[in-house]
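The values are calculated or read from the model by the stated rules, or taken from the named source; none is laboratory data. Predicted, not measured: the structure shown is a model, and the values here were computed from it. Using ideal geometry, Cβ is built from the backbone for each residue, glycine included, and neighbour counts are taken over all protein chains shown.
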Amino acid sequence: MSVRRLAEDQFQPAAFAFNDENAAWADKTIQKYPAGRQQSAVIPLLMRAQEQDGWVTRAAIEKIADMLDMAYIRVLEVATFYTQFQLGPVGTRAHIQVCGTTPCMLRGSEGLMSVCKSKIHNHPFERNAEGTLSWEEVECLGACVNAPMVMIGKDTYEDLTPARLEEIIDTFQAGNGASITPGPQIDRHFSSPEGGPTSLTDEEPKKKVSAKKVVADAATATVDAAPVPPSEAARAKSTDAETNAALKTPVTAPKAAAKNAKAVEEQPGVAAPAPATAKPALTDKNRPAGIERPAAPDDLKLISGVGPKIEGTLHELGIFTFAQVAGWKKAEREWVDGYLNFKGRIERDDWVKQAKALAKGGEAEYIKVFGKKPR
């Protein structure tokens, strides 16, 4: 465990005071905490003092202790415990924190430290001759996927090379640090893979095929390879039902289903399959009334259970507003549930109650009713 002490007296200022803006901020921050718990503001106040002066001085510790009615030693304990607080003077234009934890070390952080030693000072926490730059090695800064990286102030600079870090240091030394865009320093969007995304692209993903399916496909291929009698050659295959409307409800379907069910019943210990539920007809009297698409339809996806695909289906049915869903009667709900093949999901998710809240007052009313944001 490292020993952290305040800077020598020769560096310590005689007094500390927040400037007007920070003083107002500090008072507002202290008021956020309940009576008797104002001391909880010690960390944000110390951090604001460091942002103002560049480091945490003894005078700042004592001033904050007085503001929070704390013993000096208590605030000193906090300041010396957290390594985010600088206890001595650092570079006035940039203090560079180089991550030296395993992922960054494996990706070249030692090279970054060599740059800091050559361009700033051979030892950490020591400033350059002008007093404008300093550096230190720190533990994980939380952007391991973009290693190696450094932090300057509140910003991180990732995917670094020694050459790029030299450019960044020179820019801060010239007083133009604000011109550098934080984050990855290569052609990468935040933490996405180098070279672009490799998943969730527009390409159709390759589906994994189980060994069981491979065996079944092999058996099917064997059957398909057998000679087909002339009487069967012109018969439509079962897969044609997906594209041939005439085959979706064949006249022989009820007879075939009854025959299959009887065959199953004759087999001991085998339960008959449940009959398929027919999709309700669009001309059914219980179908909810639709409307013309309004100029600004409601975002039906705010209703829990409605995704983009379901919203598109509802639009096809002429359902565009929360008010429409809120007014559905039981028969209408059952029709939509059957049409979407939801098996009671509309009742379980209580679409009507959700829609009533959204129609009445949007997200605010939804939060009031359900205690959470929609979706």
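Of the residues that sit in the range 168-222 and are out of contact with any strand residue (DSSP E or B) (no Cβ under 9 Å at 6 or more places or on another chain), hydrophobic (A, V, I, L, M, F, W, C) and assigned by TED's automatic domain parsing to the domain that holds Lys154, which one is modelled with the lowest pLDDT?
Ranking the candidates gives Ala178 first.
Among residues belonging to the range 64-86 that are farther than 16 Å from Gly131 by Cα and part of a loop (DSSP other than H, G, I, E, B), point out the one that is nearest to the chain's Cα centre (by Cα). Explain how you work it out, then say what you get.
Step one: of the range 64-86, the residues farther than 16 Å from Gly131 by Cα are 64-85.
Applying the additional criterion that residues be part of a loop (DSSP other than H, G, I, E, B) yields 68-71, 82-85.
Working: Leu68: 37, Asp69: 40, Met70: 39, Ala71: 42, Tyr82: 28, Thr83: 28, Gln84: 26, Phe85: 29 Å.
Applying the filter and picking the extreme gives Gln84.
Do we find that Ala355 is modelled with pLDDT of 90 or more and small (Gly, Ala, Ser) in this structure?
Yes: the conditions hold for Ala355.
State the number of residues belonging to the range 127-170 that are loosely packed, with under 15 Cβ neighbours inside 10 Å and assigned to a loop (DSSP other than H, G, I, E, B).
8
Per-residue answers, yes or no, for (1) within 31 Å of the chain's Cα centre (by Cα); (2) within 18 Å of Leu358 (Cβ to Cβ); (3) of a type in the set (Gly, Ala, Ser):
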| residue | (1), (2), (3) |
| --- | --- |
| Gly290 | no, no, yes |
| Ala295 | no, no, yes |
| Asp298 | yes, yes, no |
| Gly312 | yes, no, yes |
| Phe320 | yes, yes, no |
| Ala331 | no, no, yes |
| Trp335 | no, no, no |
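Return the residues of the range 324-375 that are closer than 18 Å to Thr313 by Cβ, in contact (Cβ under 8 Å) with a residue 40 or more places away in the chain and in a helix (DSSP H, G or I); say none if nothing qualifies.
Glu332, Glu334, Trp335, Val336, Gly338, Tyr339, Arg345, Ile346, Asp349, Trp351, Gln354, Ala355, listed by residue number.
Specify the residue that is nearest to the chain's Cα centre (by Cα); the eligible residues are those in the range 27-46 that are assigned to a loop (DSSP other than H, G, I, E, B) and not aromatic (Phe, Trp, Tyr).
Just the residues of the range 27-46 that are assigned to a loop (DSSP other than H, G, I, E, B), to begin with: 31-37.
Imposing the further condition that a residue be not aromatic (Phe, Trp, Tyr) reduces the set to 31-32, 34-37.
Details: Gln31: 32, Lys32: 28, Pro34: 32, Ala35: 36, Gly36: 36, Arg37: 33 Å.
Only one residue fits best here, namely Lys32.
For the range 299-323, which residues satisfy the criterion of being of a type outside the set (Lys, Arg) and part of a helix (DSSP H, G or I)? Show your work before the answer.
If we filter the range 299-323 for residues that are of a type outside the set (Lys, Arg), which is where we start, we get 299-300, 302-308, 310-323.
Correct list: Leu300, Leu302, Pro308, Ile310, Glu311, Gly312, Thr313, Leu314, His315, Glu316, Phe322, Ala323.
Residues of the range 57-95 being closer than 15 Å to Gly153 by Cβ and buried (at least 17 other Cβ atoms within 10 Å of the Cβ), which ones?
First, the residues of the range 57-95 that are closer than 15 Å to Gly153 by Cβ: 84-86, 90-95.
Within the range 57-95, Phe85, Gln86, Val90, Gly91, Arg93, Ala94, His95 qualify.
Any idea which of Ala14, Ala24, Ala49 is modelled with pLDDT under 95 and either out of contact with any His (no Cβ under 6 Å at 6 or more places or on another chain) or outside any helix (DSSP H, G or I) (or both)? Can you show your working first?
Values: Ala24 fails: modelled with pLDDT under 95; Ala49 fails: modelled with pLDDT under 95.
After applying the criteria, what remains is Ala14.
Working only within the range 1-27, note down all residues that are surrounded by 10 or more Cβ atoms within 10 Å (Cβ to Cβ) and of a type in the set (Lys, Arg).
Selection gives Arg4 alone.
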